[in-house]
Amino acid sequence: MRPTALLFLALALSSASIRPAELAQSVFWRLSSGLRVLAQEVRGSGLVAVAVVVGAGPRVEEPGQAGISILTREVMLRGTLRRTGPELAEALDRIGASLQARTGPDHTEWTLLVPKEHVDQALELLAEVLTQPRFAPEEVEVQRRVNLVRLHQQRDQPSVRAVELVYSLLYRWHPYRHPLLGTPETLAKIGREDLVRYHATFYTAPNTVVSVAGDLPVPVAVAKVQRAFARLGASPLPARLRTLNVGEGALVERPRQRREVREFQQTAASWIAVGYLGVPVGHPDWAALRVTATLLGGGMASRLFEALREREGLAYAVDAAMPTQRGPAALVLRAGVEPGNVERALEIILREVEDLRKRAPSEQEVARARTRAAGLHLLDHEDLRRRAFYPAWYELLGVGYRFDGTIPDLLFRVRSADIQRVARHYLMHPVVIVVGPHGDRPANANSLPVCLTSPII
């Protein structure tokens, strides 16, 4: 990920005389419809990015409708009341605009990038997709088949499957257990009427944040958004979601003992995933856990990379992450290894975690980890679309749009004692997953039918 740029930024941030500057802040409006609008002027690029972030993801799906968020999103792209999917793509191409859509555990995002002289037409097209989808029955069936193929392909990827199994064990009662793409059973049951109802329920002004970043004065940007999205409904969210917001913690239980699942796949490599239940974004320990994940498995200076790959030569790939979520997130350590090296690699992973619990890391090691974490955050904001997206995302997640600009400083406040404290508190009883062509397995390992989930698709 842009190693030269990251190295340069790391050197700058680690200098004693330079602190990470707060990212440029957006200006915030709440319209009478409940729609939240953010805008920041970025002069000189000649481009405008628009991010529309909707609270539509597994967190709001009903148990029997897993996968409806992505199915709704993809069918929306297949045609509106005015245009077919190909006609929509052609209209975007004519003005040099690109439209992307992704779904995570808490949200669906729609990001648009367009030359500033065509921003009005682009906003009209985006608003048309979001407010006037056709949901043609034949398109629903085609997309259903596409999603089933994607689901089967995902299950055949051991690196992805291992993380999915971690999620299914950590979130047994929480909506995060719902698979992003769904299951064959849920996809078969979702009909056109379900998509229409889901869209009407969640694609509303109070459940949406629109953010604009680019070569456009802020008052002009807000006026254009207000005009384009006037058709968004203003109905309140279902009562069950208000209940979830209040009682979410009761749906997640931290494991009280190690749990292990091994799933056979005839693949060249085995993948190990070790998961721990972390915290939601905005929690006082969120930044310390993010730095902890980086210290353990973020990049070539991380402990697991050094131990598994450099010293032992056991792993093809090593990583660690704790995604940003409204509810408690999972901190997951991953490694891809030869099947015969599974037990040794797993022993090393658990040993490194235990060592972090017993002995505080050096301040120098922590400084490297937090510099990398802050640097990657800042580098991601080089993309104009991400500069528009992040403030809207944090606003939707409930921590406020200003949170985006405070992240570098939060990360740089983390010290060695913080790392050991959160390791002792959160990294206690792991969920251990092994996917691959394993042979003998430990007596405490088992096979388990599970649901699937995935951070972002």
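The values are calculated or read from the model by the stated rules, or taken from the named source; none is laboratory data. Fair warning: this is a prediction, and the values are worked out from it, not measured in the lab. FYI the Cβ positions are ideal-geometry reconstructions off the backbone, even for glycines, and counts take in every protein chain you see.
Things worth noting here:
- When segment 220-255 is filtered for residues that are out of contact with any helix residue (DSSP H, G or I) (no Cβ under 7 Å at 6 or more places or on another chain) and under 18 Å from His199 (Cβ atoms), the ones remaining, listed by number, are Ala230, Ser235, Arg240.
- Taken across segment 119-130, residues that are outside the structural domain of Ser270 (by TED's automatic domain parsing), buried (at least 17 other Cβ atoms within 10 Å of the Cβ), assigned to a helix (DSSP H, G or I) and among the polar types (S, T, N, Q) do not occur at all.
- Residue match in segment 89-112 (condition: among the β-branched types (Val, Ile, Thr), assigned by TED's automatic domain parsing to the domain that holds Ile190 and touching a residue at least 60 places away in the same chain (Cβ under 8 Å)): yes
- If you go through segment 104-113 and keep only what is surrounded by fewer than 23 Cβ atoms within 10 Å (Cβ to Cβ) and over 11 Å from Val52 (Cβ atoms), you end up with Gly104, Leu113.
- Failed item, numbered, when Val149 is tested on (1) over 25 Å from Pro236 (Cβ atoms); (2) touching a Cys at 6+ places or on another chain (Cβ under 8 Å); (3) not basic (Lys, Arg): (2)
- Checking every residue in segment 96-116 against the condition of being out of contact with any helix residue (DSSP H, G or I) (no Cβ under 6 Å at 6 or more places or on another chain), in a helix (DSSP H, G or I), under 18 Å from Arg387 (Cα atoms) and at pLDDT 95 or above gives at least one match.
- Out of Val435, Val399, Val422, one residue alone is assigned by TED's automatic domain parsing to the domain that holds Ile349, of a type in the set (A, V, I, L, M, F, W, C) and part of a strand (DSSP E or B). It is Val435.
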